Amino acid sequence: MTALSMTRRFIPSGLVCVMLLAFAPFAFAEPEEYVIDPAHFSVGFLVDHIGYAKTLGLFRKAEGSYTFDEDTGTLSDVKVTIATDSVFTNDKKRDEHLRSADFLNSSEFPEMTFTADSAQRKGERDFVIEGQLTLLGKSLPLTLTATWNKSDTYPFNPGGLFGGNPYAMGVSARGSFKRSAYDMNYAVDNGWVGDEVELILEFEAFRQ
C-alpha cells in the first residue's frame, strides 16, 4: 500500500484537499494604479466671508493618480494637480481677484499639488492621508481624511477614455489648511476673508 493510498484510507478526501492547498504558493493581488477621471473629479472649497456665510468655490481643472491594493487597503503614490487659474465661484470679478497676486497668483504659480507616499487605514473604508500641499511655491503638510465609497466594474463605457467598462473606484475626501501659512494674507487680519480653507474632493478613478 502506497503512502498516498494510506492517506486516502485514513484521512477524508476533503481534508486532503485542504492540506494540499495549505502547502500551495499563496497568491496575492498586486497593487494597481488608478487614474482619476477628469469628468468626475470635483475639487471644491469653502471660505468664510465676514462671518455672514461661507463662499463655495471650485477648481474646474484637476487631475490625479495613485496606487491602491484593494486586498490590503494599502494606498501609495498619491498625486493631485490642480490648475489655479481654473478657480470658479460664480462671480467673474471675484474669480479674477482670486487669480491675482492677492490670492492664488495664477500667472506665476499655475499649479497647486498634493502628494502623499502612503496612508493609514482607520477602518473598513476610512483612511488618513498625510501628505504635502504645494501652493504659491511653498510645500507644507496637509492631512486628508478619505472614504472609499465603492469599487466595481463600471456600468457603462466612459467615452472610451479608460477602455470599455473598466473597473472603477469612488472616493470622498476632506481637509483644510490656513491661507496665512502660505503667505496668502489678504483680508486675514480684518476678518473679511477667512483664513481657513475647507477642501472638498469627490472623484471616480479607473484602474489601469
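For (1) touching a helix residue (DSSP H, G or I) at 6+ places or on another chain (Cβ under 8 Å); (2) assigned to a loop (DSSP other than H, G, I, E, B); (3) farther than 30 Å from LEU46 by Cα; (4) of a type in the set (D, E, K, R), each residue gets a yes or a no:
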| residue | (1), (2), (3), (4) |
| --- | --- |
| GLN132 | no, no, no, no |
| LEU140 | yes, no, no, no |
| THR143 | no, no, no, no |
| ASN149 | no, no, no, no |
| LEU161 | no, yes, yes, no |
| ASN165 | no, yes, yes, no |
| SER172 | no, no, no, no |
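Checking PHE103, PHE114, PHE109, PHE59 one by one, the residue that is of a type in the set (A, V, I, L, M, F, W, C), more than 25 Å from VAL35 (Cβ to Cβ) and out of contact with any Asp or Glu (no Cβ under 6 Å at 6 or more places or on another chain) is PHE103 and no other.
Count of segment 53-103 residues, restricted to those that are within 22 Å of ALA205 (Cα to Cα), part of a loop (DSSP other than H, G, I, E, B) and β-branched (Val, Ile, Thr), is 1. The residue that is nearest to HIS49 (Cα to Cα), counting only those in segment 96-128 that are without any contact (Cβ under 8 Å) to a residue 12 or more places away in the chain and open to solvent by less than 90 Å² (accessible area, probe 1.4 Å), is HIS97. Filter segment 180-208 down to residues that are closer than 21 Å to LYS61 by Cβ and open to solvent by less than 40 Å² (accessible area, probe 1.4 Å) and give me whichever is farthest from the chain's Cα centre (by Cα). The extreme case among them is MET184.
Within segment 138-152, can one find any residue that is open to solvent by 30 Å² or more (accessible area, probe 1.4 Å), β-branched (Val, Ile, Thr) and within 11 Å of the chain's Cα centre (by Cα)? For segment 138-152, residues open to solvent by 30 Å² or more (accessible area, probe 1.4 Å), β-branched (Val, Ile, Thr) and within 11 Å of the chain's Cα centre (by Cα): present.
The values are calculated or read from the model by the stated rules, or taken from the named source; none is laboratory data. Just so it is clear, the model here is predicted, and its values are computed rather than measured. Methodologically, a virtual Cβ is constructed for each residue, glycine included, from the backbone with ideal geometry; neighbour enumeration extends over all protein chains shown. Quick note on the areas: whole protein, heavy atoms, side chains included, nothing else; ligands and nucleic acids left out. Shrake-Rupley method; radii C 1.70, N 1.55, O 1.52, S 1.80 Å.
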